[in-house]
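The values are calculated or read from the model by the stated rules, or taken from the named source; none is laboratory data. Because the structure is a prediction, the values reported are computed rather than measured. All Cβ positions, glycine included, derive from the backbone under ideal geometry; neighbour counts span all protein chains shown. The area values use the complete protein model at the heavy-atom level, side chains included, leaving out ligands, DNA and RNA. Shrake-Rupley method; radii C 1.70, N 1.55, O 1.52, S 1.80 Å.
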Amino acid sequence: MAAEYTTFGLAPATRAGALLAGGDYQVHRDFVDFVVDGCPLLFRLRDLDAVSPLASDVPPAIFTAQVRGLLLESEAPLPAGRYIVYGCPECADLACGAVTAVIERDGEDFIWRDFAWQTGEQADLELNGYHGMGPFRFRGAEYRAALAALLDGGSPGARRRVLLIGTRLALLTGLAAALRTIGIGADTAQDTDGVPADELRGYDAVVFGRSTGAAERDAVRRAFAAAGVDVPFVDGLAPAVPLLLAQTEHALDRSPRERRRLTDLTAAGDGAQVEVTSSCRVRLTAYRVDRLSRTRAQDLFDGVLEPGRHRVPLDPKAVRGEAFVVARAAGTVLVTAVGR
């Protein structure tokens with residue numbers, strides 16, 4: 001029996017970058033995700049840190065080749081008509097593992113079937129197949145129109161760029177370096193006096209250091225408004241680079257709420273509440289600033305959560321004094337202060 005029709009679409013998506021323990025980092029990646037029956041396909045893969053081949057930072061010729069491949073205008077890159085649907089966000093090497101599927105035509109329709117986790121030339125469906133996923137049958141006109149739009153200039157945007165405003169040069173320099181490390185451009189300044197409007201239009205967000213006064217913040221907002229730029233303004237919570245980086249990643253996420261894996265985070269007393277829209281791996285980290293203005297970090301939770309609202313206990317020592325909690329899932333970052 002032929003598979004029932006499912007809708008096909010595309011939507012901007014982000015794999016958020018982060019500073020990890022020991023000095024490691026994960027790169028910020030903007031890409032186009034596949035939307036099947038109104039839900040991002042990546043959400044069906046509960047514990048997967050990956051991006052589609054349609055990423056913003058690949059050369060235009062390669063991006064076009066990826067789109068034409070999905071349209072079956074070129075041979076499949078893997079045996080048995082298999083295409084990479086999601087790959088490693090750091091290096092895109094098949095050896096790191098990828099989600100692949102057979103893509104084929106049936107008359108005017110396109111079919112995606114036999115999804116599998118693959119680390120070599122051949123896929124083992126019995127051992128590594130996603131048996132509850134697909135097959136998906138897409139109407140040809142809808143499928144071709146969505147992908148053809150990418151060839152007409154609808155590809156993901158250029159590299160993100162952030163303006164950091166403040167007087168603590170060492171902190172802002174450290175944050176700028178961290179942002180550049182994960183793939184986000186960053187510039188530092190004390191204000192926007194005399195900055196041309198065209199230059200302001202090149203920024204996707206503004207981050208204020210905590211030492212920046214209200215008058216200075218208002219002046220920056222007025223400068224961006226006069227330039228006709230609508231960007232998020234981030235009020236830095238604490239002089240801690242990992243925390244400020246998480247706030248910046250959150251501000252850069254402009255995806256609709258229904259396409260985020262984490263939609264709410266609160267923390268007070270001895271517990272944090274996190275809301276999850278699809279089964280996924282969630283990591284919670286606490287940051288606190290001690291009396292000497294040193295930042296202390298402690299991992300609180302790292303595991304798979306099902307859709308719904310969940311309570312995670314807080315270690316009183318980890319959130320003593322001025323403290324904050326960061327929640328991360330694939331593509332989503334949330335930050336909140338710990339209430340008292």
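Quick one: grab the alpha carbon gyration tensor of the stretch 1-65, order the square roots of its eigenvalues as a ≥ b ≥ c, and give me rounded if a/c is under 1.5, else prolate or oblate depending on whether a/b is larger than b/c.
Oblate is the answer for the stretch 1-65, as a/c is 1.5 or above yet b/c matches or exceeds a/b.
For the stretch 236-340, what class follows from the C-alpha gyration tensor (a ≥ b ≥ c being the square roots of its eigenvalues): rounded when a/c is under 1.5, otherwise prolate if a/b is larger than b/c, else oblate?
oblate
Share of the stretch 205-257's accessible area from carbon and sulfur, percent, 1.4 Å?
Percent of accessible area from carbon and sulfur atoms in the stretch 205-257: 53.
Please compute the modelled spin-label separation between Tyr130 and Arg291, points set 7 Å along Cα→Cβ, answer in nm with one decimal.
Computed distance between label sites Arg291 and Tyr130 equals 5.3 nm.
What whole number of Å gives the distance from the Cα centroid of the stretch 6-45 to the Cα centroid of the stretch 181-219?
Comparing the Cα centres of the stretch 181-219 and the stretch 6-45, I get a distance of 27 Å.
I want to verify a result. In a Gaussian network model of the chain, Cα cutoff 10 Å, which of these has the top mean-square fluctuation: Ala186, Ala61, Ala146?
Ala61
Using 0.36 nm per residue, how much length does the chain from Arg180 to Arg201 gain when fully extended, once their Cα-Cα distance is taken away?
5.7 nm
Ignoring ligands, DNA and RNA, how do Ile111, Ile62 rank by accessible area with a 1.4 Å probe, largest first?
Details: Ile111 15, Ile62 85 Å².
Order by accessible area, largest first: Ile62, Ile111.
What size of dipole, in debye to the nearest 20, comes out for the stretch 182-274 about its Cα centre when the only charges are +1 on Lys and Arg C-beta atoms and -1 on Asp and Glu C-beta atoms?
300 debye
About its Cα centre, what dipole magnitude does the chain give when the only charges are +1 on Lys and Arg Cβ and -1 on Asp and Glu Cβ, stated in debye to the nearest 20?
1200 debye
Of Ala145, Ala197, Gly134, whose Cα points farthest to the positive end of the dipole of the chain (charges on the beta-carbon: +1 Lys, Arg; -1 Asp, Glu; origin at the Cα centre)?
Farthest towards the positive pole: Ala197.
Place the peptides 160-173, 219-232, 256-269 in order of packing, highest mean first, counting for every residue the other Cβ atoms within 10 Å and averaging per peptide.
160-173, 256-269, 219-232
Using only DSSP helix segments of four residues or longer, with each worth -39500 (n - 2.57), what per-residue ellipticity at 222 nm results for the chain after dividing by its residue count and rounding to 500?
That calculation yields -5500 deg cm²/dmol at 222 nm.
If the chain between Ser255 and Ile62 were fully stretched, how many nm would it gain, using 0.36 nm times the residue separation less the Cα-Cα distance?
Taking Ser255 through Ile62 to full extension adds about 67.0 nm, to one decimal.
Using modelled backbone amide H atoms (1.01 Å from N, in-plane), which distant-in-sequence or interchain residues come within less than 5 Å of Arg160's amide H?
Distant-sequence amide H within range of Arg160: Gly185.
If each residue of separation counts as 0.36 nm, what is the full-extension length gain between Ala225 and Lys317 once their alpha-carbon separation is subtracted?
Numbers: separation 92, 0.36 × 92 = 33.12 nm, distance 4.27 nm.
In short, 28.9 nm is gained.
To check you understand DSSP bridge types, tell me what percent of the beta bridges within the chain (both residues inside) are antiparallel, rounded to 5.
80 percent
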